[in-house]
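Quick notes on the structure that follows.
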Amino acid sequence: MSESARDLARRLLNSTGEAAPAKPQRPRRGPGRQFADHPEVAAMAHKRASIEAVYAQFGMPNPVFLTRESPNDTVIRWQGRELVNFGAYNYLGLGNHPKVVQAAKDTLDAYGASASASRIVAGEIPIYIELEQRLARMYDVGDALVTTSGYLTNAGVIGFLLRAGDVAICDALIHRSVVSGVQWAGARQLSFRHNDPESLRSVLRMARGNFDRALVVLEGHYSMDGTIGRIDELAAVAREFDCAVMVDEAHSLGVFGETGSGVREHFSMAGGEVDLWMGTLSKALGSCGGFIAGDADLIGAMKVSAPGVAMLSGGPAPSTIGAALAALDVLDAEPQRLTRLWSNAELFHTLLAARDIDLGVSERTPICPVLVPQEFRAGYVSARLLQHGIYAGAITAPAVPVGSERLRFFLTSEHTDDQLRHTADQVADAVEAARELPDLGGMN
Ligand code: PMP
């Protein structure tokens, strides 16, 4: 055991050999605190205290909610220091690209800071429609609708499409926003093994007959594992069983495909092979908001009657739309960004694999998971990297199953070779040190 790991062990374990602090008392409800005993509220109070205790006792910075003082670039400023950053899904460096920032400013000047209304009642501006038509062309479908949030797009669209008696059949690693949508709809949710067409086929064979409408929900690029959705094969299976298909392109648009048009381009699919293409503006497009694209009549209906998607919700801030449009222009004009993104992903995976790091089922994409099972070990690696000037967030349950805790590295086109090589060395050291930590009583 290295000196630092032994030191941490000594500090973290109290004299009875159990992890401190002790188990929490059940909080009591009271005036203004009616949710004090809500399971998440109670658990969070305890968790926060124990996480703080772990970091404080070892004199390590707590990397959770790291508050930066700069744009979310490959180098960020934090507490006056510079950190090499792997926490941003700013895949093409567009979130702080001068043309994107300038376009946001220009749109602010032209339309103000807020839509100040839902689109149906005087909230509409021409650039919403310009962006929607561009996204519809990218996905080779009739129309698209831009929204204020990717999360709410999944929740609102599925909430609008399905009813009790319907079913959503989801990849086992599907994003939580889809689960929210199914709950919102009051429909049933079934899952199939991640990315496995045979598993989807057997679920559909058993269950399809029990439901009216069925929606198969997939992702183009899985955000926790860095796997590429087998959309072409899975959509074909869904069609055999009269199911609709929806694909979440959050981490795929601007990443996959020769021109960055996403997984549809990657697999050379026609837009109509999938019913609904959902995406976000907050990742490669360097902005904020979501979109849904598909058949023009369906999109038109959502535009006027899907609660939370467009109806009964303010239109997106004009500057976010101006920024996304400019990001698409840069994507077209600077294809070398995509090339650099993929060569960085390849280099980083190669460097880590050569150091025997567990990369799970990653497919060498710009999302690189580094598996460090157990929450406190993953947190330790993240904090130790922070001490060495590198930021990569730890991902723990419920975002990933208990036992598959990890750090997640987002690669971007803007990382340099030197940054990647230095980080790979530091990751190897930190993972080795985390392995030597003792088990911490009941702490995962
Ligand atoms: N889908 C996936 C796969 C995501 O990873 C995310 C967010 N990280 C969302 C949807 C929600 O998008 P947004 O952050 O734009 O709300």
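The values are calculated or read from the model by the stated rules, or taken from the named source; none is laboratory data. Model, not experiment: these values are computed from the prediction. No Cβ is skipped: glycine too gets one built from the backbone with ideal geometry, and neighbour counts run over all protein chains shown. For accessibility, only protein heavy atoms count, side chains too; no ligands or nucleic acids. Shrake-Rupley method; radii C 1.70, N 1.55, O 1.52, S 1.80 Å.
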(message) Name the residue that is nearest to R176 (Cα to Cα), counting only residues in the stretch 258-278 that are open to solvent by less than 20 Å² (accessible area, probe 1.4 Å) and either touching an Asp or Glu at 6+ places or on another chain (Cβ under 6 Å) or not small (G, A, S) (or both).
(response) M278
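Kindly evaluate L145 against the criterion of being more than 13 Å from A324 (Cα to Cα), open to solvent by less than 20 Å² (accessible area, probe 1.4 Å) and within 16 Å of the ligand (Cβ to nearest atom).
Spelling it out, L145 is indeed more than 13 Å from A324 (Cα to Cα), open to solvent by less than 20 Å² (accessible area, probe 1.4 Å) and within 16 Å of the ligand (Cβ to nearest atom).
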(message) Can you confirm whether I76 is open to solvent by 20 Å² or more (accessible area, probe 1.4 Å), away from the ligand (no atom under 16 Å from the Cβ) and β-branched (V, I, T)?
(response) no
(request) Determine, yes or no, whether S199 is open to solvent by 10 Å² or more (accessible area, probe 1.4 Å), more than 14 Å from the ligand (Cβ to nearest atom) and part of a strand (DSSP E or B). (result) no
(message) Quick check on the stretch 256-271. Is at least one of its residues in a strand (DSSP E or B) and either out of contact with any strand residue (DSSP E or B) (no Cβ under 7 Å at 6 or more places or on another chain) or over 30 Å from P71 (Cα atoms) (or both)?
(response) no
(request) Can you work out which of the residues in the stretch 151-165 that are touching a residue at least 24 places away in the same chain (Cβ under 8 Å) and surrounded by fewer than 19 Cβ atoms within 10 Å (Cβ to Cβ) is nearest to the ligand (Cβ to nearest atom)? (result) R163
(message) Checking P369 against (1) in contact with a Ser or Thr (Cβ under 6 Å, 6 or more places away or on another chain); (2) open to solvent by 60 Å² or more (accessible area, probe 1.4 Å), only one condition comes out false. Which one?
(response) (2)
(message) Test of understanding: among D425, D429, which residue is farther than 21 Å from V54 by Cα and of a type outside the set (G, A, S)?
(response) D425
(request) Kindly list the number of the only condition in (1) closer than 29 Å to S382 by Cβ; (2) surrounded by fewer than 22 Cβ atoms within 10 Å (Cβ to Cβ); (3) away from the ligand (no atom under 16 Å from the Cβ) that fails for N85. (result) (2)
(request) Give the residue that is least open to solvent (accessible area, probe 1.4 Å), with candidates limited to residues of the stretch 202-237 that are of a type in the set (K, R) and not in a loop (DSSP other than H, G, I, E, B). (result) R208
(request) Please tell me if H194 is surrounded by fewer than 24 Cβ atoms within 10 Å (Cβ to Cβ), within 21 Å of L161 (Cα to Cα) and within 16 Å of the ligand (Cβ to nearest atom). (result) no
(request) Would you please list the contacts, defined by Cβ atoms under 6 Å and residues six or more apart or on different chains, that run from a residue in the stretch 93-111 that is within 18 Å of V75 (Cα to Cα) to a residue that is part of a loop (DSSP other than H, G, I, E, B) and open to solvent by 40 Å² or more (accessible area, probe 1.4 Å)? (result) G93/E414; G95/N72; N96/P71; N96/D73
(request) Run down V182, V121, V146 and say which single residue is at pLDDT below 95 and either more than 20 Å from F256 (Cβ to Cβ) or of a type in the set (S, T, N, Q) (or both). (result) V121
(request) Please find, among L325, L386, the residue that is over 30 Å from E432 (Cα atoms) and either aromatic (F, W, Y) or buried (at least 16 other Cβ atoms within 10 Å of the Cβ) (or both). (result) L325
